[in-house]
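All remarks here apply to the structure that follows.
The values are calculated or read from the model by the stated rules, or taken from the named source; none is laboratory data. All figures in this text were calculated on a predicted structure; none of them were measured in a lab. Don't worry about glycine lacking a Cβ; one is built from the backbone with ideal geometry, like all the others, and counts go over all protein chains shown. These accessible areas exclude ligands, DNA and RNA; they are computed on the full protein's heavy atoms, side chains included. Shrake-Rupley method; radii C 1.70, N 1.55, O 1.52, S 1.80 Å.
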Amino acid sequence: MHEVTDQEHGRPPEAALITIGAFARLSRLSAKALRRYDELGLLEPALVDPVNGYRYYDPAQARTARLVAWLRRIGMPLARITEVIALDDGAAAAAIRGYWAQVEAETAARRDLAAFLIDQLSTEEAMTQVGTLGIRYAARTETGAVRETNQDAVYAGARLLAVADGFGAGGAGASTAAIEALKPVARGAVPAAELLNLLHDAAEQAARAVRDALAGSAGSGTPDESGTTLTALMWTGAQLGLVHIGDSRAYLLRGGELFRITHDHSLVQSMIDDGSLTEEEAVSHPQRALLLKALGGGGPAGSGPDLDVRDARPGDRYLLCSDGISAVVAGTELARVLAGADGPGTAVRELLGLAAAAGAPDNAACAVADVVAL
């Protein structure tokens, strides 16, 4: 350990501090890494000599230095590392658990897309022999019993099913803009091998449309926290593409069993993922409406929409809905209605009726589609 002395720097010594070299050995990191962490604002020295710029550290910082190094190795973004190292041990552990659950979810989505690409490149000739499928569909949105305006938007057509739930003063314009941007992208037949490109283009165009809509309304006092969720299905032959961001949802009824095929980008979902909250507790959590990802400005920063490709089968029934339905209608009731309705129109009416019976505290939107052989 090297202590600062009066003779070296002409000032009273900081006896508890050690040089960057000694601290590098203590923390098992290089001096170069420590200088980099200082530049990034992740780990500042306890003291910087004002004369020669030498860095001095408190030995107690070694634990934090090693934690920063490990968090960098697992790929955690710098801004998030800064938040984690400021927490106590329990909260830091929960934050790391939540981050890794997010990484695994995103990795799983990329794995599915990779599998799709491999399948397309390996079996393209067989795919061209699959019979064409079509859909029967219905969609509707209602303001509900509490809200004065409706910021939900919904659309159902031969190649596109979409639900968007706007929020903030510019929410209505944002949700409408997101869906309108998808309509031109979804026009016309799309080869299965091009579906991923279509989804990527659709997601980018929706994001631009929302930004433009919010920028256009800024002059009227629209705050920058306005935005929208977006969940959409695009159809092409025997396959469909999914674009999803926020906490609107998509469900699949297949063989009498209901599957949720989207993952909420919300605070409570991240807490469920890391085990700090149960599904039952999430229903009444005070921050259940806080989104981690959405189209538009404001709120925590996040990556873009989830993209996925799925095989469609005759007899499949899909539901897209805003949280005005999913938050007040139990999953068992969703399954019962979807399994028993004689068509998409009946299912839409019954689901909106259940939301109304539950008090309709929010705008509600849903679209239902049946896959049929042509």
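In region 257-272 there is no residue that is at pLDDT below 95, buried (at least 19 other Cβ atoms within 10 Å of the Cβ) and at positive phi. Within region 32-73, if we keep just the residues that are open to solvent by 40 Å² or more (accessible area, probe 1.4 Å) and small (Gly, Ala, Ser), the residue that is farthest from Ala95 (Cα to Cα) turns out to be Ala46. Among the residues making up region 327-364, a single one is open to solvent by 50 Å² or more (accessible area, probe 1.4 Å), farther than 19 Å from Asp165 by Cβ, small (Gly, Ala, Ser) and part of a loop (DSSP other than H, G, I, E, B): Ala330. With respect to the conditions (1) surrounded by fewer than 16 Cβ atoms within 10 Å (Cβ to Cβ); (2) at pLDDT 85 or above, Thr5 lacks only one, and its number is (2). The set of residues in region 258-274 that are more than 17 Å from Asp306 (Cα to Cα) and in a loop (DSSP other than H, G, I, E, B) contains only Asp274. Could you tell me whether Leu277 is surrounded by 14 or more Cβ atoms within 10 Å (Cβ to Cβ) and outside any helix (DSSP H, G or I)? Yes, satisfied.
Restricting attention to region 189-247, the residues being of a type in the set (A, V, I, L, M, F, W, C), modelled with pLDDT of 85 or more and open to solvent by 30 Å² or more (accessible area, probe 1.4 Å) number 2. Taking the criterion of being of a type in the set (Asp, Glu) and closer than 25 Å to Ile20 by Cα, the residues of region 52-94 that qualify are Asp58, Glu83.
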